[in-house]
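First comes the structure, then the notes that go with it.
None of the figures in this text is laboratory data; all of them are computed from the coordinates on show. This structure is a prediction, so every number in the text was calculated from the model and none was measured. Backbone-built Cβ (ideal geometry, glycine too); neighbour counts: all protein chains shown.
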Amino acid sequence: MSSPCSIEKCKQSSDVFCYTCKKNLCREHLKEHDDWLNSEVNHLVEEMKSVSNRYMTIDRNKLINDFRQKLDKWRDDSYKKIDLIYEEKRKELEQDWTERVAKPRKGIDLMQSKLNGLIRKKKATHEDISRSTTAIRYIDQKIKDIEQKGIQMNIPTLFIDDNLTYIKESKIEETDEFQLLSSYRSIDCSAQSGVAFAANNENLLIYESDYLNLLNRDLVPIQQIPWRYGHIYDMSCYSIDSTRKMVVLYML
């Protein structure tokens, strides 16, 4: 004896057990069940259209320009910072150079004045000659140092981290809903007549070449019976009784 239909207030006997919903359904409610599923698919189609339309309205140029403006501002601010540091160091350089060059100039002026005094007095001694010679050679060496060494500066290479500015992505865990898993097992099917099938957690039912074939989870054939009632284009639900006799309950 079949179970009653699971739909509330329905007094009809069930003709189909839906393994997805885990409900016994009469033919009338099975049709309503399929109509509801088809309706949900249509809703999903409309929702997908809405999502697609929203995607098409994205102003890509505006988004890119907004980011480019931020990037340009970062560049301008960086240039200003570099220019500011440059001006500070340039002033330090000029001041340091002026002070360094001024030292030999003072020595030269002092020695010229001293030598002029010795000439006027005409009383130069060996000690005056020795000290003046040492002083002149000292000044000469300082001038050579300036000519040969110039200004010693430590200018490190400007290092800019490439990751200092980056395009931030939303931290959303994404899963590929369209990725196909590798096949568990496979069976040969005729490509001429087409194949209709239905499955539950235990078995697979296949219609092929006017035969109904029942297979287990390992795709091992359990039962095969001829089908003489016309071509089956699709199967929605099926059931197997306790004696393991095949009972096809709803087909198209």
Determine, for each peptide in 63-76, 102-115, the mean count of other beta carbons within 10 angstrom over its residues, then list the peptides with the highest first. 102-115, 63-76
Any of Lys114/Lys144; Lys81/Lys142; Lys121/Lys149; Lys122/Lys142; Lys114/Lys142 with alpha carbons more than 31 Å apart? Name them for me. Lys81/Lys142; Lys121/Lys149
For Leu212, list long-range residues whose amide hydrogen, built 1.01 Å from N in the peptide plane, is under 5 Å from its own amide hydrogen. Ile225, Trp227
Hits in segment 147-161: amide N under 18 Å from the 7 Å Cα→Cβ extension of Glu94, namely 151
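Ranked highest first by average number of other Cβ atoms within 10 Å, how do 27-33, 91-97, 204-210 line up? Walk me through the intermediate numbers first.
Working: 27-33: 16.6, 91-97: 11.1, 204-210: 18.3.
So the order, starting with the most tightly packed, is 204-210, 27-33, 91-97.
Where a ≥ b ≥ c are the square roots of the eigenvalues of the C-alpha gyration tensor, would you call segment 1-58 rounded, which needs a/c under 1.5, or, failing that, prolate if a/b is larger than b/c, or oblate?
Since a/c reaches 1.5 and a/b is larger than b/c, the shape of segment 1-58 is classed as prolate.
For the ranges 141-149, 54-62, what's the packing order if you count other beta-carbon atoms within 10 Å of each residue, average per peptide, and put the highest first?
Working: 141-149: 11.2, 54-62: 8.1.
Per-residue mean Cβ counts within 10 Å order the peptides as 141-149, 54-62.
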5 angstrom amide H check on Gln12, placed H, neighbours 5+ away: Cys5
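Going by how many other beta carbons lie within 10 Å of each one, how would you line up Glu87, Glu8, fewest first?
Details: Glu87 10, Glu8 5.
Exposure proxy ranking, most exposed first: Glu8, Glu87.
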For segment 11-26, in residue order, the Karplus 3J(HN,Hα) values (coefficients 6.51, -1.76, 1.60; θ = phi - 60°; whole Hz; Gly and Pro = x) are 9, 7, 6, 6, 10, 9, 10, 8, 6, 6, 8, 6, 10, 8, 10, 7
Can you give the local net charge around Ile146? Use residues other than it whose beta-carbon is closer than 10 angstrom to its beta-carbon, Lys and Arg +1, Asp and Glu -1. +3
